[in-house]
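Before any comments, here is the structure.
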């Protein structure tokens, strides 16, 4: 009887192990040897990277396969963002896999998508096939890799999401290991005195120190003495490495110790998309905006509710004794490769200065506003990660229809958005849709932001503070340039170049003999292409082609051409 119970127990353990392996180990979505150009949770502009990026040998059109049995639950086609993307739901595991920046879909998927595009008469579509519409098997080819959308080069952006919550998960936890014995790479240490509660080297300014390496690539000491008093925070700039790759990746685990006591840890293995902009509180946002440098803070601002952290005192360190404080960063990647870095802070009593009086102090957990003669700013509660002193300035420039408004003197991220209204000094345009707000960059260049005419000014949403804005006008229609129309019939395709001087293309449409035809395009190119479709064109007839386009300021243009086919 005891032997039978033992055998039964071993069988249960074996079956449990087999089931776990099945539900948690997927096949790779690529058929080339797996190599990564990007990792999960990496720091990107205004968001955490929600997947892993597979290299495709620097070319497009590599086969992409489904990682498991399932069905296509969503298809996205757009000129930017993910470009051509597939979402495959796997009911047996509770996961959805995502394949983005594709060059094309498999034939059965492509045909279904094309029908829907013609039904909706648009290139951009977001489709949700039913569970029995497009089923796929593990290893079945579903697409070819590409470089569509907001992609900087050929690769596959791949995600695994929890189907119920739609939270992206670290896909490496569900795939066979990739060879990696490289430990993380430390680049810098930063120190931040808490306002009115701490001081560093007799100053209330942050100190950021780049860390040099020795001949063997090991990080050297700080090279600078840090004398501190009161409450301070610490940050680290670091990346990960992988065997045989020149890329840099994000660090999955960060731990900070003070006198061998852990005061902070962060682990990025899942997040929700509604919190991905909270990356701007995870990092030193000002340093990112000014220097494009990613320091990760090891303390938590009051408006930061990311689920990554375990801390003591929100990660802040109280320097209240005149002694040497021993600190250590422990940086670890997904495969357990770890770098330890020791550094010191000297506790030196110093006078902590109080902040100057502030006329416009904004509280992180309240509704905040600012009103001046030519501008109104409204920041709803839930947008600020910490409180700050708002500063405003304006200058006059006859080039614009309004003053130039400087909305705060340094960069401040917003979690969602704030609303600003800018008064027009001169309201002379008959077509008020031509008005638009531009953001004036430090080098004097302009970026169209848009806005809506309202009560003698323009109202719009902004996503951060610290920039300059003014009202200008866009009265020029888009330019449509046909590309070798004499070759359209022989090449069985129509290609036009579509450009705009300021506000950008808002919409476009191609027609032949009054019926919609499908033009494809990508945000990285100004060329729009229609491939002749014999199922929708009648041979031997005169074809009247019309292409129209409208920009963000409401200006429209049209091009006509007649040919025999």
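A compact table of results
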| item | result |
| --- | --- |
| Peptide ranges 349-360, 64-75 listed from the most packed, as the mean C-beta count within 10 angstrom indicates | 64-75, 349-360 |
| Estimated 222 nm signal from helices in the chain, with DSSP H stretches of n ≥ 4 weighted -39500 (n - 2.57), rounded to 500 | -2500 deg cm²/dmol |
| Distance from the range 167-224 to the range 36-65 (C-alpha centre basis), Å | 23 |
| Simple label model, 7 Å out from Cα along Cβ direction - residue 501 to residue 305, nm | 4.7 |
| Whole-number percent relative contact order across the range 180-281, with pairs defined as alpha carbons under 8 Å at least 6 apart | 27 |
| Residue 173 paired with residue 47, simple spin-label distance in nm, labels 7 Å along Cα-to-beta-carbon | 2.1 |
| Computed E for residue 542/residue 213 - FRET, C-beta separation, R0 51 angstrom, nearest 0.05 | 0.15 |
| Gyration tensor (alpha-carbon) shape descriptor, the range 185-347, a/c threshold 1.5 | oblate |
| Cβ-Cβ FRET estimate between residue 489 and residue 220, R0 fixed at 60 Å, reported to 0.05 | 0.35 |
| Residue 565-residue 126 pseudo-label distance in nm [points 7 Å out on the Cα-to-Cβ vector] | 3.1 |
| Pairs of alpha carbons in the range 372-471 whose separation is greater than 21 Å (percent) | 30 |
| Stretch gain in nm, segment residue 409-residue 373, where the contour uses 0.36 nm per residue and the Cα spacing is subtracted | 11.1 nm |
| Rel. contact order, % - alpha carbon contacts under 8 angstrom, at least six apart, the chain | 10 |
| Theoretical gain in end-to-end length, residue 557 to residue 227 [0.36 nm per residue, Cα-Cα removed] | 112.4 nm |
| Residue exposure sequence - 422, 379, 207 - by fewest surrounding Cβ within 10 Å | 207, 379, 422 |
| Convex hull per residue volume in Å³, alpha carbons only, for the range 107-240 | 241 |
| Gyration tensor (alpha-carbon) shape descriptor, the chain, a/c threshold 1.5 | oblate |
| For peptides 40-52, 546-558, sequence by mean Cβ density within 10 Å, most packed first | 40-52, 546-558 |
| Footprinting exposure proxy for 249, 561 (fewest neighbouring C-beta atoms within 10 Å first) | 561, 249 |
| Spatial separation of Cα centroids for the range 96-139 and the range 445-477, in angstrom | 36 |
| Rounded FRET efficiency, nearest 0.05, which uses the C-beta distance separating residue 481 from residue 396 and R0 of 35 Å | 0.35 |
| Convex hull volume of the range 475-514 per residue (C-alpha atoms, cubic angstrom) | 90 |
| Where the Cα pairs of the range 479-564 fall when distances are cut into 10 Å bins, in % | 16, 53, 25, 6, 0 |
| Additional length obtainable on full extension of the chain from residue 359 to residue 116, 0.36 nm per residue less Cα span | 81.9 nm |
| Cα gyration tensor shape for the range 428-484, rounded if a/c is under 1.5, else prolate or oblate | oblate |
| Residues 372, 318 arranged by fewest to most Cβ contacts within 10 Å | 372, 318 |
| Stokes-Einstein translational diffusion, the range 23-174 - Kirkwood Rh over all Cα pairs, 1.002 mPa s, 20 °C, in µm²/s | 140 |
| The range 185-347, relative contact order [Cα under 8 Å, separation at least 6], % | 25 |
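Read-outs: derived from the displayed coordinates by stated rules, not from any lab. Since the model is a prediction, treat every value here as computed from it, not as a measurement. Glycine also receives a Cβ, built like all others from the backbone with ideal geometry; neighbour counts cover every protein chain displayed.
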